[in-house]
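Engineer: Pasting a structure here, questions to come.
The values are calculated or read from the model by the stated rules, or taken from the named source; none is laboratory data. Predicted model only: the values in this text are computed from it and were never measured. Ideal geometry is used to build each Cβ from the backbone, glycine not excepted, and the neighbour counts take in all protein chains shown. Ligands, DNA and RNA are excluded from the accessible area calculation, which covers all protein heavy atoms including side chains. Shrake-Rupley method; radii C 1.70, N 1.55, O 1.52, S 1.80 Å.
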Amino acid sequence: MSEVKLNLARKWRSKNFEEIIGQDLLVRMLKNGLYLQQYFPVYLFSGQRGCGKTSTARVFGSALNCDALSVFQKHPQKNTVPCLVCVSCKAMEQGKHPDFIEIDAASHTGVDNVRMLIDSASLLPLMGRKKIYLIDEAHMLSKAAFNALLKVLEEPPPSVIFILATTDPQKIIETVRSRCFQLFFKPVESKTLHERLRTVCEREEITYDDTGLSMIVKQTEGSVRDALNLLEQIRFSSNSVTHDAVLRVLGYLDDRDVIALFQHVLSGSPQQLLRTISQMQWKKFSASSMWGQLLELVRTALWLKYDTVPVAFVEYHDEIKNMLQGCSVQQLTLFLQT
């Protein structure tokens with residue numbers, strides 16, 4: 001059989017703790033737990049999409065059953081886990097480990113699914129030290145299912161560890177959350193994500209420039225998966241990852257064009273506004289994206305009116321300030337309301 005080619009997000013998924021980016025504190029906490037042999041019966045991994053929750057859970061599960069764990073516990077500075085070469089690590093890499101059970105809560109929401117899980121949790125591990133249950137999108141479980149889980153979460157068998165991963169921890173009932181060791185995954189910082197994209201481009205031989213990568217980072221809001229998926233879209237639609245190539249894929253206007261549109265709105269000239277929109281060949285762009293960009297510009301203008309530095313339209317702050325000289329805060333607020 002020919003080798004299956006993975007997309008970038010799957011190909012560059014973290015396989016060990018060193019490859020997890022932007023979550024240094026959480027990685028240190030998990031590694032310290034492995035070193036001290038102090039494990040919690042239930043972990044709750046929460047945070048926005050694409051910031052490493054599921055990948056970290058798989059790495060942690062792999063480390064728990066890695067053959068090199070005892071060596072790591074003796075000499076943590078000289079050894080790493082997971083080792084990626086033992087039988088257990090290989091089984092994890094292939095997605096065939098009998099003691100790592102990944103459940104999608106979105107399609108297993110009911111009490112019957114939970115009861116089956118509880119029954120199987122009473123069985124001993126087949127290959128490793130621990131049997132690990134990763135319940136992804138855990139907030140999708142019904143209230144009845146959570147209540148059925150309560151007892152086993154509070155006192156699971158010694159050989160079992162539960163990891164709940166969610167983008168919405170507030171939907172997990174308080175009685176469950178209080179039984180968890182909670183780890184909060186933050187969005188990956190722009191500089192760190194930019195460096196990861198640059199590494200991926202160089203290793204995958206993708207032509208790029210830094211303005212294009214910066215645009216991807218800006219649009220994906222700290223989500224590594226979203227950034228890699230967007231990078232791949234641009235890779236297949238353009239010869240190079242540039243600022244303009246990113247705008248084309250997203251259906252976005254250039255910042256300067258958005259400012260030009262807003263200037264005509266402020267001047268109250270519908271003829272000039274319509275003429276400018278026509279020249280921009282507006283059918284190429286996403287209407288909702290154009291609307292969103294205009295809203296972001298009005299928000300930026302309000303911040304500048306109050307002498308506060310916003311994060312959007314950074315290169316054009318002086319130009320926007322000059323444009324706003326005849327515009328009041330009330331006018332900008334009215335634009336936002338409209």
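Engineer: Using the Karplus equation 6.51 cos²θ - 1.76 cosθ + 1.60 (θ = phi - 60°), what ³J(HN,Hα) coupling, rounded to whole Hz, does each residue of the range 329-338 give in order, writing x for Gly and Pro?
Structural biologist: 4, 4, 5, 5, 4, 4, 4, 4, 5, 5
Engineer: Right, another one. To make sure I understand the rule: partners must be lysines, Cα under 18 Å from the Cα of K96, and not fewer than 8 residues away in the same chain. Which ones qualify?
Structural biologist: K11, K15, K130, K131
Engineer: Return the long-range amide H neighbours of Y43 (sequence gap of 5 or more, or a different chain), with a cut-off of under 5 Å between placed amide H atoms.
Structural biologist: Counting only residues 5 or more places away or on other chains, the set is F162, I163, L164, F181.
Engineer: While we're on this one: Which residue fluctuates the most in the chain, going by a Gaussian network model with Cα springs under 10 Å, if the choices are S46, S159, S269?
Structural biologist: Largest GNM mean-square fluctuation: S269.
Engineer: Given a 1.4 Å probe and every protein chain left where it sits, what share in percent of the accessible area of the range 130-260 is carbon and sulfur?
Structural biologist: After summing per-atom areas, the C and S share lands at 47 percent.
Engineer: Also, quick follow-up: Could you state the angle between the C-alpha long axis of helix 255-267 and the longest principal axis of the C-alpha atoms of the chain, as a value from 0 to 90 degrees rounded to the nearest 10?
Structural biologist: The answer is roughly 50 degrees.
Engineer: On to the next question. Assigning unit charges at the beta carbon (Lys, Arg +1; Asp, Glu -1) and nothing else, what dipole magnitude in debye, to the nearest 20, does the range 90-193 show about its Cα centre?
Structural biologist: For this selection, approximately 240 debye.
Engineer: What accessible area per residue comes out for the chain, rounded to a whole number of Å², with a 1.4 Å probe?
Structural biologist: Value for the chain: 55 Å² per residue.
Engineer: Give me, ordered by chain and number, the residues 5 or more places off A68 or on other chains with an amide H under 5 Å from its own placed amide H.
Structural biologist: Here C83 satisfy the definition.
Engineer: Output wanted: per-residue J couplings in Hz (rounded whole) for the range 68-85, from phi through Karplus 6.51 cos²θ - 1.76 cosθ + 1.60, θ = phi - 60°, x for Gly and Pro.
Structural biologist: Whole-Hz 3J(HN,Hα) from phi for the range 68-85: 8, 4, 5, 5, 4, 5, 7, 9, x, 6, 9, 10, 10, 9, x, 7, 6, 10.
Engineer: Towards the positive end of the charge dipole of the chain, with charges on Cβ (+1 Lys, Arg; -1 Asp, Glu), say which of P158, L336, V176 has the farthest Cα.
Structural biologist: It is P158.
Engineer: Mind ranking 214-227, 189-202 by how tightly packed they are, going by the mean number of other C-beta atoms within 10 angstrom, highest first?
Structural biologist: Ranking, from highest mean packing down: 214-227, 189-202.
Engineer: Given charges of +1 on the Cβ of Lys and Arg and -1 on the Cβ of Asp and Glu, with all other atoms neutral, how large is the dipole of the chain about its Cα centre, in debye to the nearest 20?
Structural biologist: The dipole magnitude comes to about 660 debye.
Engineer: Against the longest alpha carbon principal axis of the chain, how many degrees, from 0 to 90 and to the nearest 10, is the axis of helix 143-154 turned?
Structural biologist: Value to nearest ten degrees: 50.
Engineer: Oh, and also: Among I216, L197, F185, which residue has its Cα positioned farthest towards the positive end of the charge dipole of the range 161-222, with +1 placed on the Cβ of Lys and Arg, -1 on the Cβ of Asp and Glu, and the dipole taken about the Cα centre?
Structural biologist: Sorting the options by dipole projection puts first F185.
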